[in-house]
1. Residues that are farther than 17 Å from residue 59 by Cβ and small (Gly, Ala, Ser): does the range 105-116 have at least one?
2. Hey, which of the strands (runs of 3 or more DSSP E) in the range 269-358, taking only ones fully inside, have at least 1 residues that are without any contact (Cβ under 8 Å) to a residue 24 or more places away in the chain and crowded, with 24+ Cβ neighbours inside 10 Å?
3. From the list 362, 370, 339, which one is of a type outside the set (Asp, Glu), assigned by TED's automatic domain parsing to the domain that holds residue 255 and on the phi > 0 side of the Ramachandran plot?
4. When you scan the range 362-417 for strands (runs of 3 or more DSSP E) that lie fully inside it, which ones turn up with 2 or more residues that are at pLDDT 95 or above and over 16 Å from residue 229 (Cβ atoms)?
5. Give me the pairs, please: first residue somewhere in the range 118-146 and on the phi > 0 side of the Ramachandran plot and surrounded by 12 or more Cβ atoms within 10 Å (Cβ to Cβ), second residue anywhere and at pLDDT 90 or above and not aliphatic (A, V, I, L, M), beta-carbon distance under 6 Å, and either six or more positions apart or on two chains.
6. Filter the range 64-78 for residues that are outside any helix (DSSP H, G or I) and in contact (Cβ under 8 Å) with a residue 40 or more places away in the chain; which is surrounded by the most Cβ atoms within 10 Å (Cβ to Cβ)?
7. Can you list the helices (runs of 4 or more DSSP H) lying wholly within the range 88-195 that have 2 or more residues being over 20 Å from the mean Cα position of the chain (by Cα) and of a type in the set (Gly, Ala, Ser)?
8. Hey, any hits in the range 244-261 for a residue that's crowded, with 21+ Cβ neighbours inside 10 Å and basic (Lys, Arg)?
Amino acid sequence: MSEDTTVKGKGSFKGKKSALILIIAVIMIAFVWGINHLTSKKLYNGRIAENVYIEDVDVSNLTKQEALDTVNAKYPIKNLKLSYNNKEYTINAKDVDLSYNTKKVVDEAYNLTRQKSYLSNVMTYMRTKFGGHDYNIKASYNEEKLDKQIGQVSKQINKPYVDATISVSSGITVKESQTGLKCDDEANKKLIQKAYKDKNYETIALKVDITQPKVKSEDLQSIDTVLGSYSTTFNQSQYGRNYNIALALDRCNGTVVMPGETFSYNDATGPRIISNGFKYASVIVAGDYQDAPGGGVCQGSTTLFNAVLLSGLDITQVRNHSKTSTYVPRGRDAMVNDGDSDFKFTNNFEHPVFVSAYAGGGVAGAQIYGCSKDRVGVSIKTTSFTYNGLPGAKTYRTITKNGKSETKQIYTAVYQE
């Protein structure tokens, strides 16, 4: 009995071993088949792996060309429409070199399971199959060209505000102020950049600000009278000098000075250079006369200074010439240059003042218009003196208001001759 049992046990072991080998062989065959199937049908099949998205487009199992065509169809490059006040403007894609990196992204999606070792690619494939993989398309464009396009749109919309002013040709008439328009180029650029980034080509409503005039119509309603007026004469045969006087006064003409504001003659006229419109004429340089651009502008500043002086406005900066002027008495001139010499006054009244200035026919004139409620009594006095043998003058102004008078010295002048 014992011998039969042993033989039977050996046969059973051999049977189990054979079955195990068979199972292993089947597993190996299945594994090899699976690897071959994964390799040829999934991993290296010329198509993008499963569960891969570009933006919100499913490109799983597509060839590179199919994926490229599908994504381009969903996200084509378009011209961008802008709108303001029911009018449309267009920024053409080609004018800003707009492009998307779609081809690069498709290549990356395709190579997701092909760019590393075989084992690493298999693992990436499995992670992607069950966890997914997303890609985003990036926009690129020429920013300088975009700025130019935005600027061209802005030029079509922008409108400068118009300050109110005074017409004094036949009585005192207020010319109405007007609001302006100003595109917010920085904000609009951000909206456009976001549209490019999001691939969203819905029409963009432009941000446009309404600009308010510095001087509004209601500000000038109080102007009803002349507060101060003065004129000087000049030789009409001196063309360059006459031209400069007229140009300087014309640039001062129409200026509105609000309460508390300071007027600068140099700021109003600009630098005395050829490129700023001035011509050569005689000027005093280091005590001698010589031709230079802007000769004659001091007669304009002197004329305006005296009108301001007689109006009662605060004189905040003034100085005399080195030589006695031929067109005003000593102590009544106002020298200016492009350096530190300027004529300035501050509106110390409760209402705005308006500067009217002109030159023509041998006469330079200036008037200060304002509110009759600001009118004060003004008297000017100059006293002569000698300093180291040189002639001089002290200028005083007495202002009378509400029955009270106050006298202040405006400046002391010493002349070489």
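1. Within the range 105-116, not a single residue is farther than 17 Å from residue 59 by Cβ and small (Gly, Ala, Ser).
2. The strands (runs of 3 or more DSSP E) meeting that bar number zero.
3. Only one candidate passes the filter, namely 362.
4. Answer list for the range 362-417: 377-387, 390-401, 404-414.
5. 132/51
6. So, considering only residues that are outside any helix (DSSP H, G or I) and in contact (Cβ under 8 Å) with a residue 40 or more places away in the chain, the one surrounded by the most Cβ atoms within 10 Å (Cβ to Cβ) is 75.
7. Passing ranges, in order: 118-131.
8. No, every residue in the range 244-261 fails to be crowded, with 21+ Cβ neighbours inside 10 Å and basic (Lys, Arg).
The values are calculated or read from the model by the stated rules, or taken from the named source; none is laboratory data. Quick caveat, the model's predicted, so the values are computed rather than measured. Positions of Cβ are backbone-derived with ideal geometry, glycine not excepted, and every protein chain shown enters the neighbour counts.
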